[in-house]
1. Could you give me the ³J(HN,Hα) list for region 58-69, computed from phi with Karplus coefficients 6.51, -1.76, 1.60 and θ = phi - 60°, whole Hz, x at Gly and Pro?
2. Out of every Cα pair in the chain, what percent are spaced more than 33 Å from each other?
3. Where a Cα-Cα gap under 22 Å defines reach, which lysines qualify for K23, not counting those fewer than 8 residues away within the same chain?
4. Averaging sequence separations of C-alpha pairs under 8 Å and six or more residues apart, then dividing by the length of region 3-344, give the relative contact order as a whole percent.
5. May I ask you to derive the relative contact order of region 202-345, considering only C-alpha pairs under 8 Å and at least 6 residues apart, and to give it as an integer percent?
6. If you place +1 on the Cβ of every Lys and Arg and -1 on the Cβ of every Asp and Glu, how big does the dipole about the Cα centre of the chain come out, in debye to the nearest 20?
7. Tell me what the chain gives for mean residue ellipticity at 222 nm when only DSSP H runs of n ≥ 4 count, each as -39,500 (n - 2.57), the sum divided by the residue total, rounded to 500 deg cm²/dmol.
8. For region 47-55, just list the computed ³J(HN,Hα) in residue order, Karplus coefficients 6.51, -1.76 and 1.60, θ = phi - 60°, integers in Hz, with x standing in for Gly and Pro.
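The values are calculated or read from the model by the stated rules, or taken from the named source; none is laboratory data. Given the structure is predicted, the values throughout are model-derived calculations rather than measurements. Glycine gets a Cβ as well: all are built from the backbone with ideal geometry, and neighbour counts include every protein chain shown. These area figures cover heavy atoms from the full protein model, side chains too; ligands, DNA and RNA do not enter into them. Shrake-Rupley method; radii C 1.70, N 1.55, O 1.52, S 1.80 Å.
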Amino acid sequence: MTSITIRRPDDWHLHLRDGDMLKGVLPYTAAHFARAIIMPNLVPPVVTAADASAYRDRIVAALPDGMRFQPLMTLYLTEGTDPDDVEQAHRSGLITAVKLYPAGATTNSHSGVRDMTKAMPVLERMAKIGLPLCVHGEVTTPDVDIFDREAVFIETVLDPLRKQLPELKVTMEHVTTREGVDYIMGSSANLAGSITTHHLIINRNDILVGGIRPHYYCLPVAKREHHRQALRKAATSGNAKFFLGTDSAPHVDPLKECACGCAGCFTSINTMSCLAHVFEEEGALDRLEAFASLNGPAWYGLPANEERITLVKHESAVSYPARIETGAGPVTVFDPKFTCYWDVA
Ligand code: DOR
Ligand code: ZN
């Protein structure tokens, strides 16, 4: 097969940032994706409906003329979040989900939740009104090894929460482990998971062997090879519980290439090329549309996009810039370490 036409994909987990960075990265997402769930971990975070509304306006204003793209907004859950404000934001159609960052888990998460009991009034309201919770599923206690933080989160936070509030719809975002995949597959219909492009491609050796490679450092950090294999199986299975959330997370190079580098891989530009490569490798090109374009909207109760895109496999390598220039500075593009032949036509 040399070309494949699928419904226009959506990105169910995206960092667009703000200001010059937003202007620099948004066109790459809008070129391929119709919609994206926008992460609220700005400085300061997007906490209230008013914050989300203003941020949505800034995103729409940053969109180049002639491009179409719909940002699906989220609120950043804090211990002080007002359930009425959340409900109002949901009823007005402003937000698609609320995001839980355990405090300290990742970039700009210090305003996140330390004590889950303090978030219960909001979570109870969300369960009642059918508003999904997007979860960064890692514990942050220093005694838990960073490679175990997802599995421990499932056991000690997520599973108890879902038992306490069985009606709450939860998206376990950027699943990185076999435990995560198994937990989602074995769960009831109100749990699903997003998977990033890069976690289908790299394992922890790629970050650490032969020198430290900061552009492969993200959170949750890439795990052992058998976890990557489990993610590939889940993503390419067609199972409606799994869908694409790139977690494309741009940081300027000086903040990645330093003594304490930021977490995040910037994949908006080449995600579709990389995914076509991965799905072809797995003999599952016919299931790429389910993963990138159908399962996500079905989970969030939205229609699939009517528009189509065509991916073409070229005879020679497709080339991408190694980095892009933004008004905020240079941002390195994710290097999949394989030659890409697939490209969006
Ligand atoms: O790698 C990551 N980068 N993981 C996250 O959870 C946050 C993100 C960011 O905002 O940079
Ligand atoms: Zn993220």
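1. 5, 5, 4, 5, 7, 6, x, 3, x, 8, 10, 6
2. Percentage above 33 Å: 20.
3. K256
4. 20 percent
5. Computed value for region 202-345: 26 percent relative contact order.
6. About 320 debye.
7. -9000 deg cm²/dmol
8. Per residue, the Karplus-derived 3J(HN,Hα) values read 9, 9, 4, 5, 4, 5, 5, 5, 5 Hz.
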